[in-house]
Amino acid sequence: MFSFGVGDMIIKVSVDDTRRVREISVGTGFVSRRPVELGEELIDLMKGTSLSKKKWLDQVGSKCEKRYDEFFERLYDEIGNNVKELTVAVTLNCGARKSEKLAFGVETITLPRLLHIILIWIWCSSSQYDINDKNTREALGIETMTLSQTVLSNDEASFDDFGIWYNSKGFERAPWLELLDLGKWPQSNATTICTNADNNVLLHQGNQKQNNYVVAFDLEAYADDGPLGEIATIDPGLLRVHFTSLAVSRLRSLSIATGLFEIPAEKVANALLQAAKYSIESGRISRPALSKAHVLDFFRSFALKKDKSLSTDQEQLLSSISYALRVRGQAVEKEEQNLLVDANQLAAGITLFCDGSKSSKLAIAWDLVANNTSKSKERLNGRGLWCFIRSFLIVLLILAATTENNDQQTLDTLLNDADAAGLTLASSVFEETNISSTADLSFDDFADWYTRGGYNRASWFELLDLHKWAL
């Protein structure tokens, strides 16, 4: 929990708010944009228009999915129809350094207004937001006025003047400015994920027992000023994943019960896409989906061909994977079996259980995700690379931590870990290939990165080859 005083009010930002900010930044694609670039686009797009709320939502919605309208509507309700101020607020969701966001803001609007917009953005991102909360709204205004009059002295204060003030004492007076670095939003503690062979529970740091680990690897869960920003910063920065013999036996039993271990990954992926009965519109891209119930039916059909049936534990594993790879934006409290699952990302993730080399599975998954997220159908942008990585990580983390009764909270924690680690790795790939995150990455670019040293950072990709497991 991060909290700060604004007049007589306390603004609180929770871990759940961090997840919401991360989802908006990544889901809109703004995490891979630079403030100047995105800001100029939006200002030009809305130039000369009478900016009603509907016009605002239509214009900003053209840059991302409509399911984030609630957040953008909050900004409009608090800021009004000022194009430049709304634009500055939106750029705060970019994956850039604090200084870069401040610099664009100062160039676009006055410094006092920038400070007010930042406070509004934090409030609108918080679960504490209430459109009827006049007290907090007034407190934000008073806070801005106080800073302007007693610290910044006038509207013409330069960015350099502001920097001198902030570095000397401003960080104590306005600690909330640190939230411009998305990685500074509060995070849950790093987790060690493993399966306890004795009582089959998820273990967190400080509560580990000695286990004979068959496979283990570390995931970095922070980003070092990479082109996707510091959105995934988690202290102390490592997620340690262990697979005991119990976890490996789950992988083996599901692969054998369904016969997937002897079926080429591409064949299974194509069959899953053919089974997808729904289509989700995402921007200009149509994404295939299927319900959780249909996912279970799909795998049961493979077991039936082997004259077998899936055990309760195997169905629980598949159910957990389906939940984690569900289409975002659905109400989780709806009938669980009717939750829609992203077919392309599920097909990518389950290649783990199939026949094929690591390289062939990576290529298949790349094409699947590119069809889901990219207009080129061959290359991935920052968000696409994140989806590609997390498709595998979600399956691996759930496999490592699966218990007989994975509850929603446990799965949400694993999903958050996969999101953070995926963002960190995606950021590193773009940085180390010297390709702008606003550009697209080809599979050859990714393969070159991996063979030239990426395997040291993401050795877990080797686990896509079932021969690397002690099966």
Pair list, Cβ < 7 Å and 6+ apart or interchain, from region 118-130 residues that are without any contact (Cβ under 8 Å) to a residue 24 or more places away in the chain to residues that are part of a helix (DSSP H, G or I) and open to solvent by less than 10 Å² (accessible area, probe 1.4 Å): none
Entirely in region 337-422, the helices (runs of 4 or more DSSP H) that have 3 or more residues that are at pLDDT below 85, under 29 Å from Asn434 (Cβ atoms) and not charged (D, E, K, R): 358-373
Given (1) within 26 Å of Tyr76 (Cα to Cα); (2) in contact with a Leu (Cβ under 9 Å, 6 or more places away or on another chain); (3) surrounded by 15 or more Cβ atoms within 10 Å (Cβ to Cβ); (4) modelled with pLDDT under 85, index of the condition Asp155 fails: (3)
Looking only at region 271-291, and only at residues there that are within 26 Å of the chain's Cα centre (by Cα) and at pLDDT 85 or above, the one that is nearest to Lys468 (Cα to Cα): Leu272
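Here is a yes/no grid of residues against (1) assigned to a loop (DSSP other than H, G, I, E, B); (2) touching a His at 6+ places or on another chain (Cβ under 8 Å); (3) of a type in the set (Phe, Trp, Tyr); (4) at pLDDT 85 or above:
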{"position": "Ile10", "(1), (2), (3), (4)": "no, no, no, no"}
{"position": "Arg20", "(1), (2), (3), (4)": "no, no, no, no"}
{"position": "Thr49", "(1), (2), (3), (4)": "yes, no, no, no"}
{"position": "Glu70", "(1), (2), (3), (4)": "no, no, no, yes"}
{"position": "Leu75", "(1), (2), (3), (4)": "no, no, no, yes"}
{"position": "Glu78", "(1), (2), (3), (4)": "no, no, no, yes"}
{"position": "Lys84", "(1), (2), (3), (4)": "no, no, no, yes"}
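For every residue, the table says whether it meets (1) at pLDDT 70 or above; (2) open to solvent by 50 Å² or more (accessible area, probe 1.4 Å); (3) in a loop (DSSP other than H, G, I, E, B); (4) within 30 Å of His242 (Cα to Cα).
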residue	(1), (2), (3), (4)
Ile131	yes, yes, yes, no
Asn135	yes, yes, no, no
Trp165	yes, no, no, no
Ser168	yes, yes, no, no
Phe171	yes, yes, no, no
Asn189	no, yes, yes, yes
His204	no, yes, yes, yes
Asn207	no, yes, yes, yes
Of residues in region 443-471 being buried (at least 18 other Cβ atoms within 10 Å of the Cβ) and among the small types (Gly, Ala, Ser), the one nearest to Ser255 (Cα to Cα): Ala458
Scope region 64-107; condition farther than 20 Å from Tyr166 by Cβ, among the polar types (S, T, N, Q) and either touching a residue at least 40 places away in the same chain (Cβ under 8 Å) or touching a strand residue (DSSP E or B) at 6+ places or on another chain (Cβ under 9 Å) (or both); matching residues: Thr87, Asn93
Close pairs (7 angstrom Cβ cut-off, 6 or more residues apart or separate chains): under 15 Å from Ala426 (Cα atoms) in region 380-406, open to solvent by 10 Å² or more (accessible area, probe 1.4 Å) and at pLDDT 90 or above anywhere: Cys387/Gln345; Ser391/Gln345
Every residue from region 97-117 that is within 22 Å of the chain's Cα centre (by Cα) and open to solvent by less than 10 Å² (accessible area, probe 1.4 Å): Lys101
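The values are calculated or read from the model by the stated rules, or taken from the named source; none is laboratory data. Treat the numbers as computed from the prediction; the structure is a model and nothing was measured. Positions of Cβ are backbone-derived with ideal geometry, glycine not excepted, and every protein chain shown enters the neighbour counts. Accessible surface is based on the protein model in full, side chains and every heavy atom, while ligands, DNA and RNA are left aside. Shrake-Rupley method; radii C 1.70, N 1.55, O 1.52, S 1.80 Å.
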